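Only the coordinates and a few stated rules stand behind these numbers; no lab work does. None of these values were measured; they are calculated from a predicted model. Cβ placement follows ideal geometry from the backbone for every residue including glycine, while neighbour counts extend to all protein chains displayed.
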Amino acid sequence: MGEGQRQTEPLLIRALVPDEVLRAQYGAITDLLAQVGVTSVQEMLVGLTRARTEAVFDGLDPAVRIRLICVPLEADEPCETTHATPFSRVRSSGIKWILDGKAVERSAALRLPWADAPGTGRFNGLDPA
């Protein structure tokens, strides 16, 4: 299995899994987490838009607090939240910016070009300029 295939496989799987299945899985996982004493988690669903992430968690009454953090993979992917229930255990806030990367792919975002290759890496899925 190639590096690109390993990176895209989870995204493809999530694209094919219906929201209600993901919701049921998260319900079961949060029940298990609560049983071992976990009280809160931060979830960054790579490959799901903020809107779909909120749809998956909408109606879920998890046993722990969950903070949903947007991970945009495209420059124009919106990260505005519509999930603002004040007393819910599920909250949606923040954006995860990915600055690090792999040297082999030259994907770390740098201020100066790589010493042995043109370009300065990529920033959250943006094409290098």
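Footprinting exposure proxy ranking of Thr81, Thr39, fewest other C-beta atoms within 10 angstrom first, gives Thr39, Thr81.
Put simply, the amide H of Leu68, placed in the peptide plane, has neighbours under 5 Å in Glu43, Arg91, Ser92, Ser93, leaving out anything fewer than 5 places away on its chain. The modelled label-to-label distance for the pair Trp114/Asp31, using points 7 Å beyond Cα in the direction of Cβ, is 4.7 nm.
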